[in-house]
1. Provide a single number: the residues in region A:109-122 that are touching an Asp or Glu at 6+ places or on another chain (Cβ under 8 Å) and surrounded by fewer than 19 Cβ atoms within 10 Å (Cβ to Cβ).
2. So, restricting to strands (runs of 3 or more DSSP E) that lie completely within region A:25-94, which ones have at least 1 residues that are out of contact with any Pro (no Cβ under 9 Å at 6 or more places or on another chain) and away from chain B (no Cβ under 14 Å)?
3. If we only count strands (runs of 3 or more DSSP E) wholly inside region A:192-248, which ones have 2 or more residues that are surrounded by fewer than 18 Cβ atoms within 10 Å (Cβ to Cβ) and within 14 Å of the chain's Cα centre (by Cα)?
4. Please enumerate the residues belonging to region A:92-108 that are farther than 18 Å from A:Val151 by Cα and exposed (fewer than 15 other Cβ atoms within 10 Å of the Cβ).
5. Would you pick out the residues in region A:164-176 that are touching a Gly at 6+ places or on another chain (Cβ under 9 Å) and modelled with pLDDT of 95 or more?
6. Can you tell me which residues in region C:1-17 are within 13 Å of chain B (Cβ to nearest Cβ) and under 11 Å from C:Val52 (Cβ atoms)?
7. Could you tell me which residue of region B:149-161 is surrounded by the fewest Cβ atoms within 10 Å (Cβ to Cβ), considering only residues that are part of a loop (DSSP other than H, G, I, E, B) and within 13 Å of another protein chain (Cβ to nearest Cβ)?
Amino acid sequence: MDNICTIKNLRKEYKEFVLEDVSLDLPRGYITGLIGPNGAGKTTTIKLIMNLIQADGGRILVNGLDPTVEDIKVKNIIGYVGEEQYFYQIRSARWTGRFVSRFFDGWDNNMYLSLLERFGLPPKKMIRKYSKGMKVKLALAISLSHSPDFVILDEPTSGLDPVVRRDVMDYLKNYSVEQNKSVLISSHITDDIARTADYVAFMIRGKIELFAAKDDLLSNWKKIHFTPKALDATMAATLERVENHMFGSVGYTRRYTEIQDSLSGPKAEGKVKVENMGLDDILIFLAGRH
Amino acid sequence: METQPVLSLQHLEKKYREFRLNIESLCLERGSILGLIGPNGAGKTTTVKILMNMIRRSGGEVRVLGLNPRKDEKEIKQRVGYVGEEPAFYGDKTVDWTGKYVSGFFRKWDTNRFQELLDRFAISRSKKIQELSKGMKVKLALALALSHDAEFYILDEPTAGLDPIIRREVLELLLAESREHERSVLISSHITDDISRLADRIAFLVEGRVVLSRLKDDINADWKKIHYKRGALDKDTTASLFSRKEHAFSLSGITNKFQELKQKFEKPVLDGDVKVENVDLDDILIALVEGEKSCG
Amino acid sequence: MWLILKNTAKTAGGVFLMVALFVTGIFILSGISLTKTTIIIGGMMIFTLPVVTIIIREQYEEKNKGYDFLASLPLTRLEITGARFVLILAVDVLFAACLIGFFSLVGGDPGRLSLSRAFLLCCGLGGLIMAGLVLLGIFGLGYTRFLIIFLTFFVFLGFVPMLLLKVFDIGPKEIAAFVIDKMTGFQAIPAAAVVLLVYAGLFRLTACLKME
């Protein structure tokens, strides 16, 4: 598979935190969601891709280029939106566009202006008067106006209302699908990831615990409630963290599609109940808490 | 004991130059959880601040725990656990100092509970406030609000910026407070998933007005997403749908009266011409916002 | 309210100590005697101490959004603003008392001593009114906006002596004579009563203002 970004054995050590041996391939043309608790290393990983901090080991390639060697080229491939948006408050969006256009090859001002219109951002209004949601949309418009092959968003939607979030996520989805662009987005709002991402990476305590296609995750990860002796040995072997309660047991499986057919019998008899797991449930499971 | 609502608003009004908050009526019974959903600038924070007497209302009746915020501000604040949009503390002070300082203002303070919550949220006591991240400060504010034996929690975006694991923990704490101790909660959030897990009743605030306020279960029963083939539904039904979209092979829309229209859908569903799906609160909010706009 | 006072007392105490040290230093430099300079500097310090205390404390509150924090606690606006006004009153009274006591200890020409007392008292009362106005301004306009206006006002105030000298031909000597003339017949108790009343009025006004 063709990858927009490959990360191999990436290491970064801090006093109280270590990014350990992170390897991750982000497929070209798809949206990858990065999920994890605070302090898991999501922002550190993104900063390493952007060459904003130096790694202690390992290797990153963005579109085949090493960011530590070809910094400028890589930055032209990437469109980045961070958690906080900083602009000159007393300038307009139009001025800001002209200002940042100098830093990018292939800046398309017509595209920028049409993006402003698409997001409902008045180009002549002072940015000071923009709401928080408008500032995030402006940052997105700026990051997309040099047609980057790879868009990276670090917690862009925290604090935004559902209407704005949907607008932003829908736009990204279209950008990715229609122009075969790649997106990496980290977010605490797992719903947004579940709705838009094609792949999901779970990062916990400085490690990638799991990376898979979203649809596979959602169809394979299930919570199974069952009465005693309802499952045979092979089925029971797929379950993890089984807990026995007074009236039955509960366990988790990450291979539901394998046991789905053999479960249909006990399910019909009411001896087994299958509960869907959301991405947040999977994260909570992986982090080892219930 | 008389069953007085913990919260009741009648004709609440607050006028600003470019914005008017106007809530006809909103009520919350003891032991329930009310989720408040709405776009930024719809008036959620203004409403919450009026309850805490941080903003003066322009008109209408407000009762919190049967008390008037204008007159009984102190008593309300004693009995309400409040977490504001951006919790503020003295940055140069430690977590420990803040806990001790705050405890001095409350009649009832449970030191053990506070310590337990700090441990649970992994907040170190000796850290200075300015060393805490935004999420940590929210967690500290939650720990403080949960430690003075409040009857009613008023929480304005308490889960913004928190990771999914901590968010789930906070939700479980609040659920336990409501189920086991009959405490009431008013919570606003942009993360509608959290609201749908937690709330019994949901109010949608759009442009200063409550456009929908019902029990969650009723909302779930009445609001559905309908996928249908062209011609499968009659004109009136189609026209009544929100957020209508055309897809490659079908159309879709959202109905707000599924129970009423149920019979109409029965046959086409059997024929496979119509598919009925549950809808997220997000989708409902978007439909309501669109509806509001098209009405002018 | 007592808890807020306790918490802010440290800031006030710090400023108090610094100013006290400064005045003591001036005193030692002037050979520990009641000179015109020491009296004037003492008066100026009494006048500015409350305002300086307020500005330092309010800057801290502004930086930390302290009033948002306090508003989330079981406190009314009356108590929050009340704590400020009480603190400043205490600082002002305490410092004036200390200085007047100190001057009495040093002693000197009885006429000059009583004149100094009247002058210090007058500065203390003036400082109180000033402090009340500053608090009103900060709560009413917000810290940053108020500070800009306040500083502009002071720059303008710097031109006043020059203006007096250039236009009306009034120099330092004439001002001193005017002050001494006014101070000799100074009625301490009625003046203090009026000032306290005005101060209480300013407090009431501020407490009402701090509402949106």
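The values are calculated or read from the model by the stated rules, or taken from the named source; none is laboratory data. Please read all numbers here as calculations on a predicted model, not as lab measurements. Note that each Cβ is placed from the backbone with ideal geometry, even for glycine, and that neighbours are counted across all protein chains shown.
1. 0
2. Ranges flagged: A:31-35, A:57-62.
3. Passing ranges, in order: A:207-213.
4. Within region A:92-108, A:Arg98, A:Phe99, A:Arg102 meet the criteria.
5. Scanning region A:164-176 gives a single hit, A:Ser176.
6. C:Thr11
7. Checking each candidate, the answer is B:Asp149.
Listed here are the residues, each with its yes/no results for (1) outside the structural domain of B:Gly161 (by TED's automatic domain parsing); (2) exposed (fewer than 15 other Cβ atoms within 10 Å of the Cβ); (3) over 26 Å from the mean Cα position of the chain (by Cα).
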residue	(1), (2), (3)
B:Glu85	no, no, no
B:Gly91	no, no, yes
B:Thr94	no, no, yes
B:Tyr101	no, no, yes
B:Phe106	no, no, no
B:Ser126	no, yes, yes
